[in-house]
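Enquirer: Encoded as structure tokens, here's the structure I'll be asking about.
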Amino acid sequence: MYYRLHELLSKKYIWYDSLCFCRLDFDESSRSLKKIRGVYLKAHSIKEHWFGNIKGDVLAGIVVALALIPEAIAFSIIVGVDPMVGLYASFCIAVVIAIVGGRPGMISGATGAMALLMVTLVADHGVQYLFATTILTGIIQILFGVFKLAKFMKFIPRAVMIGFVNALAILIFMAQLEQFVDATWVMYLMVAGALAIIYIFPRVTKAVPSPLVAIIVITVIAIMTNSDVKTVGDMGSLSTALPSFLIPNIPLNFETLQIIFPYALALSVVGLLESLLTASIVDDMTDSSSNKNKEARGQGIANIVTGFFGGMAGCAMIGQSVINVKSGGKGRLSSLVAGIILIFLILALGKIVVQIPMAALVGVMFMVAIGTFDWSSLKGLAKAPVTDSIVMVVTTITTVATHDLSKGVFAGIILSAIFFVAKISKVHVTSRVEGEKKIYAVTGQVFFASVEELVAAFDFNNDVKEVEIDFSQAHIWDDSGVAAIDKIVLKLRDNGVLVRLAGLNAPSSNLIERLAVHRRPGAKLSGH
Amino acid sequence: MFKKILLAFDGSEHSFRTVAKAIDIAKLTQDSKVEVLYVLSDETSKSEVINLWEAEGIKEDRLERFKLAEEAAAQNGIDYEIKFLRGEPEEKIVQYANENSIDMIIMGSRGLNPFQSMILGSVSHKVMKRATCPVMVVK
């Protein structure tokens with residue numbers, strides 16, 4: 001629902017999202033909306049979010065549910081827990097996000113990025129700690145949303161994002177390799193068959209997700225030929241019960257918090273990163289906008305609910321969301337339908353699900369890995385600035401080496417920051433002589449990283465009478481910058497030269513005013 | 001002869017070569033018009049969002065890519081129009097051409113090898129098969 005300006009003028013509040021009122025701040029004097037711009041003007045009503053696209057949403061929801069099942073099982077196996085943990089997570093998250101999410105049409109559930117972060121936690125402390133961590137993750141994510149920290153995600157450089165996405169793909173791929181240990185040729189054949197179906201079946205029809213077709217075909221072949229390949233049933237038990245409310249069975253003390261907090265923090269950041277990235281992709285695909293802080297809160301609520309119902313932490317899924325939008329889903333109903341159909345199918349078909357050979361799931365995960373990898377980034381490697389490429393590669397390698405997506409992102413951000421500082425710390429100083437006077441013109445940013453270069457550019461053993469330093473193309477940022485200028489001025493003054501600073505912009509001159517010592521009477525060059 | 005020319009454009013380097021051809025052909029006929037069609041597939045959306053983060057920036061960036069094409073068209077006095085569509089490129093190009101009685105489609109070839117075109121599918125091949133008007137593939 002779009003509001004026109006004259007409609008807005010008659011209202012004080014509008015619905016700008018299904019659950020939020022938005023206050024309008026209309027500025028009478030300039031006859032313009034002060035607070036509400038672009039995104040808010042494209043306001044939607046609850047009804048439209050839910051029931052604006054019933055047929056498309058229901059059909060897409062069914063397709064998504066079918067595509068969610070294999071992934072939820074496979075991600076549980078990566079973590080080392082029963083398949084039900086991933087399935088309950090995908091069910092709970094999909095349903096809760098349908099109600100409280102900020103991006104209608106986006107699909108959330110158990111994901112590979114999150115699963116990879118939990119492996120060591122489950123191995124060391126068990127599944128109960130996983131549930132507690134999931135709840136804490138939700139709480140942290142709600143805080144992110146409440147304090148509107150989503151916008152800070154923009155500070156993560158592109159190269160780091162690409163490295164993150166690529167590392168995720170590589171890790172998902174590598175997690176499958178252990179399934180090949182002691183495997184027979186039957187396993188290899190089945191994986192190859194699954195991949196062939198996944199990539200060739202869409203040429204026949206795109207109405208049914210090809211991964212599901214692959215799983216059905218491979219399962220049927222495995223059952224008919226009585227092959228003794230590993231199945232989902234060998235990896236854990238599958239109960240045909242609805243998830244029920246449970247409080248994680250862990251000691252509530254500081255020690256527990258010490259164990260789960262680092263995991264929860266990493267999960268929150270990675271979960272929000274992928275969710276907000278996915279939300280932006282859905283924004284672009286549907287040519288609409290979404291409320292990112294609301295999405296952050298929604299992800300938090302969904303994870304808290306999931307933790308209490310025996311699921312693992314999850315987030316938005318790029319692949320599934322793309323499938324949803326392509327299949328015609330764009331409203332909240334699509335996510336709700338996906339969740340409900342998923343749990344219904346598991347309850348009805350649990351006995352068959354345990355017979356799915358691992359080979360089929362490995363094939364599906366290979367497809368997920370190939371689809372997640374940003375292949376265009378390889379082409380970009382040659383074109384992009386070399387520092388960007390280094391950041392991307394370092395992010396990817398750190399992540400793959402440590403098996404920890406948050407460490408990789410951290411390394412990438414630090415490296416980008418260093419490169420950025422190095423890039424802008426180039427100051428350029430030119431000098432010319434006008435009669436008795438020597439004029440230095442400084443171009444660039446004067447701050448802690450560039451002061452050394454700045455001081456080095458001055459010639460203190462010159463026998464000119466007067467020096468003018470022109471800062472009209474420069475900006476002084478911090479006390480290191482001011483101290484460097486002090487040093488230059490005092491040193492020149494020591495040599496009996498008259499120094500004048502010219503062309504300082506207002507913030508720079510304020511800073512000098514406050515911090516510089518050379519203006520004070522009797523100023524002397526100090527030790528540093 | 002070719003009054004309504006559809007130029008399938010994706011802003012990539014090789015698609016600039018198609019611009020030159022489209023202008024050459026448009027010049028042959030008086031009152032011809034070039035409709036520049038940019039189909040955004042889900043893959044494009046995904047990769048551009050990962051690369052640019054913000055939806056607003058992406059829109060500007062996409063329009064930016066048309067600049068060179070627009071300049072070239074303006075210099076040669078060619079009438080043109082830019083259209084964005086979302087979906088599978090091959091479907092949208094064919095659908096648009098057939099619905100708007102386009103006289104000719106001009107598009108670039110990505111130059112995929114046989115394996116890539118089996119997996120990815122060659123857009124130009126599909127368009128040639130399904131379009132009802134002549135198709136020019138610029139190599």
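Enquirer: Keeping to region A:154-165, report how many residues are over 11 Å from A:Val409 (Cβ atoms) and either surrounded by fewer than 19 Cβ atoms within 10 Å (Cβ to Cβ) or in contact with a Leu (Cβ under 7 Å, 6 or more places away or on another chain) (or both).
Expert: Total satisfying the criteria: 3.
Enquirer: Name the single residue, out of those in region A:68-116 being hydroxyl-bearing (Ser, Thr, Tyr) and within 21 Å of the chain's Cα centre (by Cα), that is farthest from A:Pro357 (Cα to Cα).
Expert: For region A:68-116, the residue satisfying everything is A:Ser108.
Enquirer: How about region A:421-466: which of its residues are of a type in the set (Asp, Glu), under 20 Å from A:Ala502 (Cα atoms) and either at pLDDT 85 or above or outside any strand (DSSP E or B) (or both)?
Expert: Result: A:Glu436, A:Glu453, A:Asp459, A:Glu466.
Enquirer: Follow-up. Within region A:242-265, restricting attention to residues that are surrounded by 22 or more Cβ atoms within 10 Å (Cβ to Cβ) and aliphatic (A, V, I, L, M), which residue is farthest from the other protein chains (Cβ to nearest Cβ)?
Expert: For region A:242-265, the residue satisfying everything is A:Ile260.
Enquirer: I need every pair where a residue in region A:324-347 that is modelled with pLDDT of 90 or more and surrounded by 24 or more Cβ atoms within 10 Å (Cβ to Cβ) has its Cβ under 9 Å from the Cβ of a residue that is of a type in the set (Ser, Thr, Tyr) and outside any helix (DSSP H, G or I), sequence separation at least 6 or different chains.
Expert: As it stands, the answer is A:Arg332/A:Ser18; A:Ser334/A:Ser327; A:Ser335/A:Ser108, since those pairs meet every condition given.
Enquirer: Still on this structure: When you look at A:Val391, is it in contact (Cβ under 8 Å) with a residue 40 or more places away in the chain, within 14 Å of chain B (Cβ to nearest Cβ) and over 27 Å from A:Ser290 (Cβ atoms), yes or no?
Expert: In short, yes.
Enquirer: Also, quick follow-up: Could you go through region A:219-238 and let me know if any residue there is free of Cβ contacts under 8 Å to residues at least 60 places away in the same chain, more than 26 Å from A:Val64 (Cα to Cα) and not in a loop (DSSP other than H, G, I, E, B).
Expert: Yes - at least one qualifying residue is present in region A:219-238.
Enquirer: Of the residues B:Thr44, B:Thr18, which single one is buried (at least 17 other Cβ atoms within 10 Å of the Cβ) and within 11 Å of the chain's Cα centre (by Cα)?
Expert: B:Thr18
Enquirer: Can you tell me which residue is surrounded by the fewest Cβ atoms within 10 Å (Cβ to Cβ) among those in region B:94-108 that are outside any loop (DSSP other than H, G, I, E, B) and β-branched (Val, Ile, Thr)?
Expert: B:Val94
Rundown of residues vs (1) surrounded by 14 or more Cβ atoms within 10 Å (Cβ to Cβ); (2) in contact with a Gly (Cβ under 8 Å, 6 or more places away or on another chain), yes/no style:
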{"position": "A:Lys423", "(1), (2)": "no, no"}
{"position": "A:Lys426", "(1), (2)": "no, yes"}
{"position": "A:Tyr440", "(1), (2)": "yes, no"}
{"position": "A:Phe448", "(1), (2)": "yes, yes"}
{"position": "A:Glu466", "(1), (2)": "yes, no"}
{"position": "A:Arg493", "(1), (2)": "yes, no"}
{"position": "A:Leu501", "(1), (2)": "yes, no"}
{"position": "A:Leu504", "(1), (2)": "yes, no"}
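Enquirer: Within region A:369-376, can one find any residue that is part of a helix (DSSP H, G or I), within 14 Å of another protein chain (Cβ to nearest Cβ) and acidic (Asp, Glu)?
Expert: There is no residue in region A:369-376 that is part of a helix (DSSP H, G or I), within 14 Å of another protein chain (Cβ to nearest Cβ) and acidic (Asp, Glu).
Okay, residues lined up against (1) surrounded by 14 or more Cβ atoms within 10 Å (Cβ to Cβ); (2) within 24 Å of A:Val368 (Cβ to Cβ); (3) within 31 Å of the chain's Cα centre (by Cα); (4) within 14 Å of chain B (Cβ to nearest Cβ):
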| residue | (1), (2), (3), (4) |
| --- | --- |
| A:Tyr199 | yes, yes, yes, yes |
| A:Pro202 | yes, yes, yes, yes |
| A:Ile223 | yes, no, no, no |
| A:Asn226 | no, no, no, no |
| A:Ser239 | yes, no, no, no |
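Enquirer: Another one. Which of (1) farther than 20 Å from A:Met285 by Cα; (2) modelled with pLDDT under 85; (3) surrounded by fewer than 19 Cβ atoms within 10 Å (Cβ to Cβ); (4) not charged (D, E, K, R) does B:Phe66 not meet, given it meets every other one?
Expert: The failed condition is (1).
Enquirer: Name the residues in region B:109-137 that are modelled with pLDDT under 85 and either under 18 Å from B:Ala20 (Cβ atoms) or not in a helix (DSSP H, G or I) (or both), would you?
Expert: B:Ser109, B:Arg110, B:Gly111, B:Leu112, B:Asn113, B:Leu120, B:Gly121, B:Ser122, B:Ser124
Enquirer: If you don't mind, another one. Could you please let me know if A:Phe147 is aromatic (Phe, Trp, Tyr) and free of Cβ contacts under 8 Å to residues at least 24 places away in the same chain?
Expert: Considered against the rule, which asks whether it is aromatic (Phe, Trp, Tyr) and free of Cβ contacts under 8 Å to residues at least 24 places away in the same chain, A:Phe147 comes out as yes.
The values are calculated or read from the model by the stated rules, or taken from the named source; none is laboratory data. These numbers were taken from a predicted model, which means no experiment stands behind them. Please note: Cβ atoms are built from the backbone with ideal geometry, for glycine as well, and neighbour counts cover all protein chains shown.
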